[in-house]
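Reviewing the structure listed below.
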Amino acid sequence: MANAVQTHESVAAADAHAPHAHIDHDTNTGISNTKLGMWLFLASECLLFGGLITTYLLYKHPLEGPTPKEIFDIPFTSTSSFVLLMSSLTMVLAVSAIERGDHQRLRIWLGATALLGATFISGQIYEFTVFVREGLGFTTSRFSSAFYTLTGFHGVHVTVGIIMLMSLVLLSLRGKLPEHRAETVEIIGLYWHFVDVVWIFIFAVVYLIP
Amino acid sequence: MSRRSLGLRIFGAVVFAVIVTLFAALIYAAFQNDGKPLDTFVPGGPSSKEIQNLVIPVFAIAGVVFVGVMGAVLLITWKFRTKATDDPEEFPEQVHGRTGLEIGWTILPALILAGVAVGTVATIINLNKKEDKAIEVQVAGQQWWWQYKYDINGDGNFDGPEDITTATEMVVPAGRAIQVTTTSNDVIHSFWIPGLNGKKDAVPGLRSPLKLQADTPGVYRGQCTEYCGLSHANMRMLVRAVSASDYEAWVANQLKDHAADPTDAKALSGKTTWKALCAQCHVIKGVNDEKMKTAKVPLTSGVAPDLTHLMTRGTFAGSILNLYDPVDPNDPSVTLPASDIAAAGYPGAALTGGNVDVSRVNRVSLEAWLRNPAAIKPNYAQGGRGMPNLGLTEAQIDELVAYLETLN
Amino acid sequence: MAIIEALPTDQLALPGAVTSDYKPAGVFTRPKAGGTGWKSWLTTVDHKKIGIMYGATALVFLLIGGFEAILIRVQLWSPRGTLLSANAYNQVFTMHGTTMVFLVVMPIGAAFANYLMPLQIGARDVAYPRINAYSYWMYLFGGIFLNTSWLLGGGADGGWFNYAPNNGILYSPSHGIDFWNLGLIITGIASLAGAVNLIVTVLNMRAPGMTLMRMPIFTWMTLVTQFLLLFAIPVLTVAQVLLMMDRTFHANFFNVAKGANPLLWEHLFWIFGHPEVYLMILPAFGLVSDILPTFARKPIFGYPFIVFSGVAIGFMGWGVWAHHMFVSGIGPISVTAFSLTTMFIAVPTGVKILNWTATMWGGKLRFTSPMLFSIGLVTMFTIGGLSGVTHSVAPADTQQTDTYYIVAHFHYVLFGGAFFGFIGGFYYYWPKVFGYMLNEKLGKTNFWLMLLGFNLTFAPMHILGLQGMSRRIYTYDAGYGFDLWNKVATIGAFTLASSVFLFIFNIFYSRSKAKSLPPVGADPWDARTIEWMIPSPVPEYNYDPIPTITRVDDFWYRKYGETKDGKLVRIAATEDVVQQRSDGKHIHLPSPSYWPIVASFGMPIVAYGLIFNLWLCLVGGIIVVGALFGWVLEPPDDPDAAHEDHDPAAHGSDDGTVVVNAGEVAEAGDVAAEKEPETVG
């Protein structure tokens, strides 16, 4: 007995001092569950977009129908990409606003972010309409299928982001987004930045690299 | 915990004995290669021998490891079992691990595998070596048969007038390298002649190389091994290796056409029926091949097998039926896949363009096939995949067979 | 099945405690906590109940998949079998593989992960209890959706790997492949949500002192498995989305006429598919690594080596996928590269086998049913591993791939490996989960019968394959030498089926006998990990108090001390160190919710809509979106189930009653739902 490492009494005493509730508010990593979950989700999303981008790269040269070179309007898409990138800036401003407790600014910047996102989506819808009119239907060629699927998937992600931003604005208006909930804004911001960063890749791969 | 009862002990021992016997029987069976035409352990050419030479030592190593691990586990479970006399509160020595030992048994398998890796890389290089003066053959899979195109004049094109298109069976000269290129007309298939080499997928839109060479004349059977839909099981093929002189004669005959009408009246009306019903999909050189170059074929994937020299083959319908020598006159769907030439529906003199021995033609199967192909080999004829039931009368079938018998 | 004893609601409720000004609007109340009837299972967010539901559902699908296997074996009993048509056979083997992989083996792994992992790390529940429930319902509805294809025009007929272009509308015009595709997208969402959930749980919710290197090996393997899922599932989803675009909207991803490359599908499928293999086997490895030390009565040999070899398998598993494609025409350089990576993934696997053997060496082995199944895994998996090495040798693989040799190989891995481990795990954990032991005599009979049936079924397939029998053929001819061993395999399949039925019989038999036996107590096996220190069956609140962990096998060292020279001495009676069942009044648990089941119910409706009528998609979509909004808007707690230390003010807006983040980040709602009241109050 003397050689035993410890006695069970000491162990039991340690248990009693352990928090009897679960330790969610004081996580092992120091990152909240929600934020860690979002990071993991976004890591998984990387593979999703990675797969779609790879598919596009494989199929970017069509056997028939309009080619990327013929159809893309680079200045137009550059402008709408710029709009989307600016929305990351307003998102950062929104997060900093709520951390300062400035709810008025929070709503303004969230609204601005959503508006910029919506502008980008409008641009995408306009672009798709023009492409279809020029003879690039979804089923026209391997390029068209890959192009619409990749950019459409991204567009859906932006749209979901806009819905979440608008919900935050509504919550804030009803006074249900106090400072200590700032992390919720930050986490939705993470999603939004991710969607923007993915667009940089898509824009480069699809529009810029010949 | 309850002690093991006697019944359980006996049951466990019996199961153990059965499993040991089973494994012994399986190892014995691995060496029994007769009457197994698809056996991978009977190499008939340099490529398959190369693989065999690699596989045997790998299996030997795996066998040693297998015996070692099984022996160790059996020994341990016997030696360290708890005995009825043991004190339940007495514990074995508490060993948490030994780092040196563990590093050792991480490195040891890595070294063994490194040895295997060297042999593997060398074999891959050898198998992919390009052979000079190889005969170029393009093999195309199609639901559910194989098409072969020979580049006889060596111009890199398989469709010239001096080239050969045939189906189901690939005729090659023994002792000469064949450079096969696999491709597909519809879904992915896999071309596999175990006696001559490993398999290679036939992927639509892709062209993949595969080297074949048979050392001695004989029949080397194969089976499509990539699942390709409904009749995947019925998609077979064979390589018929013949002497160099027979091969020359075979090529010369294949280059001929069958434009001339048959002299026999029954065969002639069979030809009329053929032109009316079969010529939409099948090709006979000199009869409809020019027309078929521009025709809209009602098949999803391509044309149906070229019938110009049908009777020079020993099998038909995706190589599941004998064209000569019915195996069982009462059951038209039975084929006997033996490895010797005679039983594999050997076409005899017809192979090189000689006369067809009409008395030996497997009319039972041929007629049954014409009567209703899907009954023997399931297909989706209504979807443009496979041979439809043409609703032929018995008289028409009789005439058609008479015509087909002239296609030497 | 309702074995978990829950505390009666009236014990938890404190009348008058609810003075919250929160006014729930109609449907936005949460179901009462602590119910025991069937309804409590529909709304439960308890990881233990969800784990049990995973296991029970997987066993039902096992019977379906097993029945399909029996059909296959009867068809192949003799040459030119006539039981099934070619078409029926192709559907049956496709659905057999799909069911066993996605609806049986993966979910049993999820069942153990759900039930055990939070217990092994000393957590109250998983990080997002509602998302956990959502994962289960998505799996269930996805599985049911997949199997309704039998009634709606036939099952998928493309094989579980479903290569393009054979999976296209041109070559498979029936709806079977649509069901396959959409059903697996649904179960994929379930797996992905589960992966995020379980990873966060392991990383964030460990008990005090439970460092990563003190975690039980099963928890480690769960962590690796869930990371594999996290990254593998989206790749499969990409492939399936492309296929859906092709089949439903006539895109050109696999249309060769428009220049598509059929190998795209193969690459995407196997980038998912090979990690998939490891994520099926690793949970079983984890179980065995916990069972062997218990019955050898000595610690696992080389804990860090076992852990790191598992992690190494997880990493290396991403670099071997093209060994499924050695004959697809990918070129000799790729073939060489993938041949070498595949060989060397055998090293960490071999390390595990040797460590298990070394764990038994020098022990005092008790051959209980769990132990027998674990030894079964060690030996049978070794055979599967060795045949695996033979086809990492690419030239050999060109002879072996797509023959029955491969069928033998992966059944030795997935049945002899994963499934033996799972059955061992069932026997081991049954008393912990349900409070009664499974009969040991039947259990051992079960083991020997299963070992016999398993070997009779799959060992002959090695020879069949090497002697040329191709996979996925509905028939073969006499004269190929396939007759004898096919007959043996079919006899084996029936033996195997009888052993599965014996297992199910044992469940009901032992349950009926249990009433007359003394209660099993917290620690019937004299086990090592901390889940054995809490009462059996596990109380709803898991631990009270949460233990503080000081080393690997913490519970063992509460019972025993170890001298410097490796001698073990008892320092406490088991009864003194196990936890007693408490009333759990002071413990706050997440409330049940209606929304997970509703939100997941919408998904198959969307899927039916994609197949039959796009208007149905709208109906399903409204259900899904509506349920998600209900989800994020519902109060964090059932207002009637307050606890003594529950500050009612916490229900106000301060607690973030409504964290609106629709769509993918709905999980945020869960943390609000669970946040400890005392931290806010």
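The values are calculated or read from the model by the stated rules, or taken from the named source; none is laboratory data. The model shown is predicted, which means the values in this text are computed figures rather than measured ones. Neighbour counts run over all protein chains shown; Cβ positions are idealised from the backbone, glycine included.
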| task | Report, ordered by the first and then the second residue, all pairs with beta carbons closer than 6 Å, sequence separation of six or more or different chains, a first member in region C:561-580 that is farther than 19 Å from C:G122 by Cβ, and a second member that is acidic (D, E). | result | C:G566/B:E93; C:L568/C:E562
| Residue tally, condition in a helix (DSSP H, G or I) and either over 33 Å from the mean Cα position of the chain (by Cα) or at the interface with chain A (Cβ under 7 Å from one of its Cβ atoms) (or both), over region C:242-263 | 6
| When residues of region B:157-195 are filtered for being in a loop (DSSP other than H, G, I, E, B), within 23 Å of B:L321 (Cα to Cα) and aromatic (F, W, Y), how many remain? | 1
| query | Could we say that B:S245 is out of contact with any Ser or Thr (no Cβ under 6 Å at 6 or more places or on another chain) and under 30 Å from C:A322 (Cβ atoms) here? | reply | no
| said: Yes or no: region C:424-440 includes at least one residue that is within 11 Å of chain B (Cβ to nearest Cβ), buried (at least 23 other Cβ atoms within 10 Å of the Cβ) and polar (S, T, N, Q). | reply: no
| Residue check, C:I108 more than 21 Å from C:A418 (Cα to Cα) and away from chain A (no Cβ under 14 Å) | no
| message | So, A:L136, is that one within 14 Å of chain C (Cβ to nearest Cβ), surrounded by fewer than 17 Cβ atoms within 10 Å (Cβ to Cβ) and not hydroxyl-bearing (S, T, Y) or not? | response | no
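Select from region A:33-42 the residues that are within 7 Å of chain C (Cβ to nearest Cβ) and over 11 Å from the mean Cα position of the chain (by Cα) and write down the one among them that is nearest to C:A207 (Cα to Cα). Before the answer, list the steps.
So the first thing to find is which residues in region A:33-42 are within 7 Å of chain C (Cβ to nearest Cβ), and the list is A:33-34, A:36-38, A:40-41.
In the following step, the residues that additionally are over 11 Å from the mean Cα position of the chain (by Cα) were identified as A:33-34, A:36-37, A:40.
Details: A:N33: 15, A:T34: 19, A:L36: 18, A:G37: 19, A:L40: 22 Å.
Ranking the candidates gives A:N33 first.
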| query | What are the residues in region B:195-226 that are β-branched (V, I, T) and crowded, with 24+ Cβ neighbours inside 10 Å, if any? | reply | B:V203, B:V219, B:T225
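Does region C:563-598 hold any residues that are in contact with a strand residue (DSSP E or B) (Cβ under 6 Å, 6 or more places away or on another chain) and buried (at least 19 other Cβ atoms within 10 Å of the Cβ), and which are they? If you could, list the steps in order and put the result at the bottom.
Initial filter on region C:563-598 (in contact with a strand residue (DSSP E or B) (Cβ under 6 Å, 6 or more places away or on another chain)): C:568-571.
Selection gives C:L568, C:I571.
On the given criteria, is C:H462 touching a Phe, Trp or Tyr at 6+ places or on another chain (Cβ under 6 Å), within 13 Å of chain B (Cβ to nearest Cβ) and either without any contact (Cβ under 8 Å) to a residue 60 or more places away in the chain or over 21 Å from C:V105 (Cα atoms) (or both)?
Details: touching a Phe, Trp or Tyr at 6+ places or on another chain (Cβ under 6 Å): yes; within 13 Å of chain B (Cβ to nearest Cβ): yes; either without any contact (Cβ under 8 Å) to a residue 60 or more places away in the chain or over 21 Å from C:V105 (Cα atoms) (or both): yes.
Judged against the criteria, C:H462 is a match.
Residues are listed down the side, and each one gets a yes or a no for (1) more than 15 Å from the chain's Cα centre (by Cα); (2) under 29 Å from A:T27 (Cα atoms); (3) in the same structural domain as C:Y404 (by TED's automatic domain parsing):
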position: C:T94; (1), (2), (3): yes, no, yes
position: C:V101; (1), (2), (3): no, no, yes
position: C:R124; (1), (2), (3): yes, yes, yes
position: C:Y128; (1), (2), (3): yes, yes, yes
position: C:S135; (1), (2), (3): no, yes, yes
position: C:M138; (1), (2), (3): no, yes, yes
position: C:T148; (1), (2), (3): yes, no, yes
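Restricting the search to region C:482-527, which residues are aromatic (F, W, Y) and in a helix (DSSP H, G or I)? Please lay out each step first, then the result.
Looking only at region C:482-527, we keep the residues that are aromatic (F, W, Y), and these are C:482, C:485, C:494, C:501, C:503, C:505, C:508-509, C:525.
The answer is C:W485, C:F494, C:F501, C:F503, C:F505, C:F508, C:Y509.
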| field | Yes/no for C:V45 being surrounded by 24 or more Cβ atoms within 10 Å (Cβ to Cβ), at pLDDT below 95 and within 19 Å of the chain's Cα centre (by Cα) | value | yes
| query | Is at least one residue of region A:186-207 within 11 Å of chain C (Cβ to nearest Cβ) and not in a helix (DSSP H, G or I)? | reply | no
| request: For region B:214-268, name all the residues that are within 14 Å of chain C (Cβ to nearest Cβ), part of a loop (DSSP other than H, G, I, E, B) and free of Cβ contacts under 8 Å to residues at least 40 places away in the same chain. | output: B:T225, B:E226, B:Y227
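In region A:34-76, what count of residues is obtained for those that are among the acidic types (D, E) and at pLDDT 95 or above?
Within region A:34-76, the first condition is being among the acidic types (D, E), and the residues that meet it are A:45, A:64, A:70, A:73.
Right, trim to at pLDDT 95 or above and you get A:45.
Here the count works out to 1.
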| message | For region B:54-72, give me each residue that is farther than 19 Å from C:V378 by Cα, at the interface with chain C (Cβ under 7 Å from one of its Cβ atoms) and of a type outside the set (V, I, T). | response | B:L54, B:F59
| query | Considering only residues of region C:455-481 that are in a loop (DSSP other than H, G, I, E, B) and either within 20 Å of B:N197 (Cβ to Cβ) or among the hydroxyl-bearing types (S, T, Y) (or both), which is farthest from the chain's Cα centre (by Cα)? | reply | C:Y480
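Has region C:539-551 got any residue that is touching a Leu at 6+ places or on another chain (Cβ under 7 Å), within 14 Å of another protein chain (Cβ to nearest Cβ) and of a type in the set (S, T, N, Q)? Even if it seems obvious, please write down each step before you answer.
So the first thing to find is which residues in region C:539-551 are touching a Leu at 6+ places or on another chain (Cβ under 7 Å), and the list is C:540-542.
With the extra rule that they be within 14 Å of another protein chain (Cβ to nearest Cβ), the set shrinks to C:540-542.
Right, trim to of a type in the set (S, T, N, Q) and you get C:542.
Yes, some residue in region C:539-551 is touching a Leu at 6+ places or on another chain (Cβ under 7 Å), within 14 Å of another protein chain (Cβ to nearest Cβ) and of a type in the set (S, T, N, Q).
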| query | If you go through region C:183-218 one residue at a time, how many are assigned to a helix (DSSP H, G or I), within 13 Å of chain A (Cβ to nearest Cβ) and within 27 Å of C:S600 (Cβ to Cβ)? | reply | 17
| Are any residues in region B:101-147 exposed (fewer than 13 other Cβ atoms within 10 Å of the Cβ) and either of a type in the set (S, T, N, Q) or at the interface with chain C (Cβ under 8 Å from one of its Cβ atoms) (or both), and if so, which ones? | B:I125
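Could you look through region B:376-399, keep only residues that are small (G, A, S) and in contact (Cβ under 8 Å) with a residue 12 or more places away in the chain, and pick out the one that is farthest from B:P347 (Cα to Cα)? First the steps, then the outcome.
Our first condition is that a residue be small (G, A, S); within region B:376-399, this holds for B:381, B:383-384, B:386, B:391, B:395.
Next, only the ones that are in contact (Cβ under 8 Å) with a residue 12 or more places away in the chain stay: B:383-384, B:386.
Values: B:G383: 33, B:G384: 30, B:G386: 25 Å.
Residue satisfying both the conditions and the ranking: B:G383.
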| task | Could you run through region C:355-364 and say how many residues are crowded, with 24+ Cβ neighbours inside 10 Å, at the interface with another protein chain (Cβ under 7 Å from one of its Cβ atoms) and at pLDDT 95 or above? | result | 1
| Could you list, in sequence order, the residues of region C:75-92 that are closer than 14 Å to C:Y476 by Cβ and in contact (Cβ under 8 Å) with a residue 60 or more places away in the chain? | C:Q75, C:L76, C:W77, C:S78, C:P79, C:R80, C:G81, C:L84, C:A86, C:Y89
| message | Quick check on my filter: what residues within region C:333-348 are more than 7 Å from chain B (Cβ to nearest Cβ) and within 25 Å of C:M221 (Cα to Cα)? | response | C:F338, C:T341, C:T342, C:I345, C:P348
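Kindly indicate whether any position in region C:506-519 is out of contact with any Ser or Thr (no Cβ under 7 Å at 6 or more places or on another chain) and within 11 Å of chain B (Cβ to nearest Cβ).
From region C:506-519, those out of contact with any Ser or Thr (no Cβ under 7 Å at 6 or more places or on another chain) are C:506-519; that's our starting set.
Right, trim to within 11 Å of chain B (Cβ to nearest Cβ) and you get none.
No: zero hits.
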| said: Cβ-Cβ distance below 7 Å, separation of 6 or more or different chains: which pairs start in region B:82-100 with a residue that is facing chain C (nearest Cβ under 8 Å) and end on one that is in a loop (DSSP other than H, G, I, E, B) and among the small types (G, A, S)? | reply: B:P92/C:G362; B:P92/C:G363; B:E93/C:G362; B:E93/C:G566; B:Q94/C:G566; B:V95/C:G362; B:V95/C:G566; B:G97/C:G302
